[in-house]
Ligand code: 5GP
């Protein structure tokens, strides 16, 4: 991955990771590069075709056997993984991944910047998890999982941001990235 700064954005489900990362990228398209993950999860109705590379378990396992992932994890029965990054020279590499993946990237890239997003309240988080078109059963699993992951940011020594206001969160993320670049 060369000398590029790797930024891992993680946090429990329902904190708005995807939304803030999309906005951050929209504001700074020339400096930041977003990794596109592979998943074996089914595409949700209305979900962007570009949200993931949607593959079968066989295709995913084939890529694992070829050592084609920087990290991968199983989350609620599906595989998710970051393909070995292929970012343009000089770009900051952004990975929006779960906590298990964050641990693996930190082990491989100790200089990475870990940003952990937190929900302003449990109610808001639950509401966000419910409005994605998942089944009741999936929502319940995702909620349990989110509770399990909530403390990981402290344990991992992440820079934590409570996502109250998207614009403020995005601005703070960009500042943290700039200052990490300044320290290199
Ligand atoms: P979702 O199914 O809601 O799109 O994603 C479920 C979880 O998997 C989220 O926490 C998301 O950040 C995480 N995730 C997405 N892509 C990756 C990846 O490439 N690796 C890992 N470890 N987690 C990922």
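Of the conditions (1) more than 22 Å from residue 141 (Cβ to Cβ); (2) modelled with pLDDT under 95; (3) within 9 Å of the ligand (Cβ to nearest atom), residue 13 clears all except one; give me its number.
Condition (1) is where residue 13 drops out.
Restricting region 127-136 to residues that are out of contact with any helix residue (DSSP H, G or I) (no Cβ under 6 Å at 6 or more places or on another chain) and either closer than 26 Å to residue 157 by Cα or within 14 Å of the ligand (Cβ to nearest atom) (or both), which is modelled with the lowest pLDDT?
Here the answer is 133.
Give the residues of region 111-156 that are surrounded by fewer than 16 Cβ atoms within 10 Å (Cβ to Cβ), out of contact with any strand residue (DSSP E or B) (no Cβ under 7 Å at 6 or more places or on another chain) and closer than 21 Å to residue 8 by Cα, sorted by residue number.
Within region 111-156, 111, 147, 148, 151, 154, 155 meet the criteria.
Somewhere in region 107-126, is a residue within 12 Å of the ligand (Cβ to nearest atom) and out of contact with any helix residue (DSSP H, G or I) (no Cβ under 8 Å at 6 or more places or on another chain)?
No: region 107-126 contains no residue that is within 12 Å of the ligand (Cβ to nearest atom) and out of contact with any helix residue (DSSP H, G or I) (no Cβ under 8 Å at 6 or more places or on another chain).
Restricting attention to strands (runs of 3 or more DSSP E) lying wholly within region 19-95, give those where 2 or more residues are closer than 26 Å to residue 125 by Cα and within 15 Å of the ligand (Cβ to nearest atom).
69-75, 78-83
The values are calculated or read from the model by the stated rules, or taken from the named source; none is laboratory data. Here the structure is a predicted model, which is why all the values come from computation and not from measurement. Positions of Cβ are generated from backbone atoms using ideal geometry, with glycine treated the same way; all protein chains shown enter the neighbour counts.
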